[in-house]
């Protein structure tokens, strides 16, 4: 297990006195492998930024230890950690031009001037800041400052790159391109990066694995695909995915042949028992009151499905979002073609057992994903 | 219920023309979205319709009646503006109830009306709070609820979901049209979010620098954007643009991209020089076998998933960047060399000087003229 480049073990962060102050990060353990891009994802106050700042050395680790490249770094000054950072508020050097800001860290290395300038040119082109290289930080826009700060960090050959909300201020037209370019740049140089973001689109686009945080706790740490297919609980299930997962309260009943989930308004979903493993059936029957979740893109139309009334059909150019009324609340479908259903039309929706997530209603923890236990 | 028409409306502040000869109509019960960047003149336009700002020239008609001499409060208009404008000394409940209590409604009618709209906007739990105790998103929804509560025949909504978090924004985007439809109101809705514009508008007016640059259904705007600028504002990931040379032979007009001939429809090269800009939406490119006619060879740079889509950034042999988007869950190569082909109907050609769409359907033009 010690092949992690960055290893965070049982780390707590208190603001104020240990065990008394604000408990911002709670017993966090996670490892990042060399060459990985990892996102810390959560809403404000979830502990993601405190975690990043402890790794950077801007905050004291209250308890536990952080190891980077085989060395415990808890008490190492930030400059000695060989970590490159693009932080909000970790501002550019005002007296230096954009070019010199980006090149700054390279000047202390053995690279010759020609090599430095070609690397600056490469990064500047990637981030679309080639035309402002001779300007000074005070005369460029906030979005440009953010890109310069990102360039200054990415250009370095550090053990670890820490990126705080790296694309928060970019105009939407640039985002898709820059996401692809930055991911390619990080991967082709074999860099290891941790980014902090509240934007799941950014986390999904850039990272190999996402650490979902909430209330100082690490809720789930998995690949983007895994988070969607096997959410550990209702929190991740509904937090990850856009549009979010459809969730309904259900009561479980079972006969020899079939298992039935009864939603509000007596709407029921029945499956042959063989659609699930016996362990899933047992767990669901034992809980009796559960929540079921279905991803919007996993819903299919088809005969003999649940008949629902369409309440909205919104075409966004490359996706259609349809909301239909099921058991007194909207269920959302995503289709990639343009659908022509109008409000008050009826549609038949099928929910395959393979796409059904069952959650414990009281703890929120996942019981099963598809046919198998979570 | 009322229709709304704006005819040749202009507004200047000092020497700056902020709304420049704008005309459009909205049929009874329809929603027109005003879409554009900040400073485009959208809010001033709304204020002129509401009667809060007097136009330099031009008129506003409601159900065919000229409103020039009608005071704001007699125009039958409900408004929710960006800066909330809630009464600070009144609870959220009383703010929402204000248009109802102005009439002669009984207390129970008022309470029922407020609670119904508050439930729909998910602020029923904060009705007793004063505005200063509400989050910005809640303030915005309170302002929206107040606009809806009086069931005015015309509603002017200025970016009402702007400060609402992403999840609630999505839910409200789905629910708002039902709400508006149930009210039967004629709506003008201002937003800077293209998804909201497409989801909520029967028609969208793209506004820039005080002028309407294109007006049409969401499909008109997305499929036949009048200009490169408009094409870039609608769609995520952004449309691919390539400088290419338009050519003509006995089989018709075509352009070449990465050595492949892409045939164009009639008229697409009419009236433009040979240098043109080709626009291809990322979702109009499909991964295909190498032997597919017109297949373009690309090298994958990176794959970036985005909201149930997978976006691939790839390079042509000459190093031009191409974004390709496909539904999540469909398989495709993730690295190395791939081939893509474009759906022929999806190719957009813009002239390279003005960036205007060529060979556009006449629908948009007649709409603007009318």
*Just to be sure, is residue B:298 more than 10 Å from chain A (Cβ to nearest Cβ), farther than 12 Å from residue B:337 by Cβ and buried (at least 16 other Cβ atoms within 10 Å of the Cβ)?*
no
_Residue among A:214, A:230 that alone is surrounded by fewer than 22 Cβ atoms within 10 Å (Cβ to Cβ), within 19 Å of the chain's Cα centre (by Cα), over 27 Å from residue A:320 (Cβ atoms) and outside the structural domain of residue A:320 (by TED's automatic domain parsing)_ = A:214
_Please go through the stretch A:336-352 and give me each residue that is touching a residue at least 24 places away in the same chain (Cβ under 8 Å) and in contact with a helix residue (DSSP H, G or I) (Cβ under 9 Å, 6 or more places away or on another chain), ordered by number._
A:343, A:351, A:352
_Of the conditions (1) more than 18 Å from residue A:241 (Cβ to Cβ); (2) touching a helix residue (DSSP H, G or I) at 6+ places or on another chain (Cβ under 7 Å); (3) free of Cβ contacts under 8 Å to residues at least 60 places away in the same chain; (4) in a strand (DSSP E or B), residue A:306 satisfies every one except a single condition; which number is it?_
(2)
_Single unsatisfied condition, residue A:205 versus (1) in contact with a helix residue (DSSP H, G or I) (Cβ under 8 Å, 6 or more places away or on another chain); (2) away from chain B (no Cβ under 11 Å); (3) buried (at least 18 other Cβ atoms within 10 Å of the Cβ); (4) free of Cβ contacts under 8 Å to residues at least 40 places away in the same chain_ = (2)
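Quick grid of which residues meet (1) assigned to a helix (DSSP H, G or I); (2) without any contact (Cβ under 8 Å) to a residue 12 or more places away in the chain:
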| site | (1), (2) |
| --- | --- |
| A:236 | yes, no |
| A:243 | no, no |
| A:252 | no, no |
| A:259 | no, no |
| A:270 | no, no |
| A:274 | yes, yes |
| A:279 | yes, no |
| A:286 | yes, yes |
| A:291 | no, no |
_Total residues in the stretch B:151-170, condition surrounded by fewer than 20 Cβ atoms within 10 Å (Cβ to Cβ), modelled with pLDDT of 85 or more and in a loop (DSSP other than H, G, I, E, B)_ = 2
*Which fully enclosed strands (runs of 3 or more DSSP E) of the stretch B:171-266 have 1 or more residues being more than 24 Å from residue B:21 (Cβ to Cβ)?*
B:240-249, B:252-257, B:260-263
*Report whether or not residue A:38 is outside any loop (DSSP other than H, G, I, E, B) and either under 12 Å from residue A:160 (Cα atoms) or within 19 Å of the chain's Cα centre (by Cα) (or both).*
yes
*Test for residue B:290: is it away from every other protein chain (no Cβ under 14 Å), surrounded by fewer than 20 Cβ atoms within 10 Å (Cβ to Cβ), at pLDDT 90 or above and not in a strand (DSSP E or B)*: yes
*Are any residues in the stretch A:53-69 in contact (Cβ under 8 Å) with a residue 60 or more places away in the chain and in a loop (DSSP other than H, G, I, E, B), and if so, which ones?*
A:69
*Any idea which residue in the stretch B:319-332 is surrounded by the fewest Cβ atoms within 10 Å (Cβ to Cβ), counting only those that are within 12 Å of another protein chain (Cβ to nearest Cβ) and farther than 17 Å from residue A:179 by Cα?*
B:319
_Hits in the stretch A:2-41 - residues which are touching a residue at least 12 places away in the same chain (Cβ under 8 Å) and on the phi > 0 side of the Ramachandran plot_ = A:10, A:27, A:35
_Test set (1) at pLDDT below 95; (2) within 30 Å of residue A:296 (Cβ to Cβ); (3) in contact with a strand residue (DSSP E or B) (Cβ under 9 Å, 6 or more places away or on another chain) - residue B:345 fails condition number_ = (3)
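May I ask you to list the residues in the stretch A:160-197 that are in a loop (DSSP other than H, G, I, E, B) and in contact with a strand residue (DSSP E or B) (Cβ under 7 Å, 6 or more places away or on another chain)?
Hits for the stretch A:160-197 are A:165, A:166, A:191, A:192.
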*What residue, of A:300, A:307, A:338, is surrounded by fewer than 18 Cβ atoms within 10 Å (Cβ to Cβ), touching a strand residue (DSSP E or B) at 6+ places or on another chain (Cβ under 9 Å) and away from chain B (no Cβ under 13 Å)?*
A:307
*asked:* Exactly one of these conditions fails for residue B:276: (1) surrounded by fewer than 16 Cβ atoms within 10 Å (Cβ to Cβ); (2) in contact with a strand residue (DSSP E or B) (Cβ under 9 Å, 6 or more places away or on another chain). Give me its number.
replied: (1)
*the stretch A:166-177, subset in contact (Cβ under 8 Å) with a residue 40 or more places away in the chain and surrounded by fewer than 19 Cβ atoms within 10 Å (Cβ to Cβ), residue farthest from residue A:241 (Cα to Cα)*: A:174
*asked:* Can you find a residue that is within 14 Å of another protein chain (Cβ to nearest Cβ) and surrounded by fewer than 18 Cβ atoms within 10 Å (Cβ to Cβ) anywhere in the stretch B:254-266?
replied: no
*Out of all the residues in the stretch B:228-248, is one or more away from every other protein chain (no Cβ under 14 Å), over 30 Å from residue A:178 (Cβ atoms) and modelled with pLDDT of 95 or more?*
no
_Residues satisfying the stated conditions in the stretch B:12-29, i.e. touching a residue at least 24 places away in the same chain (Cβ under 8 Å) and over 21 Å from residue B:204 (Cα atoms)_ = B:12, B:17
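Being over 22 Å from the mean Cα position of the chain (by Cα), buried (at least 22 other Cβ atoms within 10 Å of the Cβ), at negative phi and more than 10 Å from chain B (Cβ to nearest Cβ) narrows it down to one residue among A:353, A:312, A:371, A:324; which is it?
A:324
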*State whether the residues of the stretch A:59-70 include one that is touching a helix residue (DSSP H, G or I) at 6+ places or on another chain (Cβ under 6 Å), surrounded by 14 or more Cβ atoms within 10 Å (Cβ to Cβ), farther than 30 Å from residue A:201 by Cβ and assigned by TED's automatic domain parsing to the domain that holds residue A:223.*
yes
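Can you find, within the stretch B:301-318, the residue that is surrounded by the most Cβ atoms within 10 Å (Cβ to Cβ) among those that are more than 9 Å from chain A (Cβ to nearest Cβ) and modelled with pLDDT of 95 or more?
Per the stated criteria, the residue is B:316.
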*asked:* Given the criteria over 16 Å from residue A:181 (Cβ atoms), within 31 Å of the chain's Cα centre (by Cα) and outside any helix (DSSP H, G or I), does residue A:128 qualify?
replied: no
_Filter result for the condition that a residue is more than 31 Å from the chain's Cα centre (by Cα) and modelled with pLDDT of 90 or more, over B:124, B:94_ = B:94
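The values are calculated or read from the model by the stated rules, or taken from the named source; none is laboratory data. Here the structure is a predicted model, which means the values were calculated and not measured. Quick reminder, even Gly has a Cβ in these numbers, built from the backbone with ideal geometry, and neighbours come from all protein chains shown.
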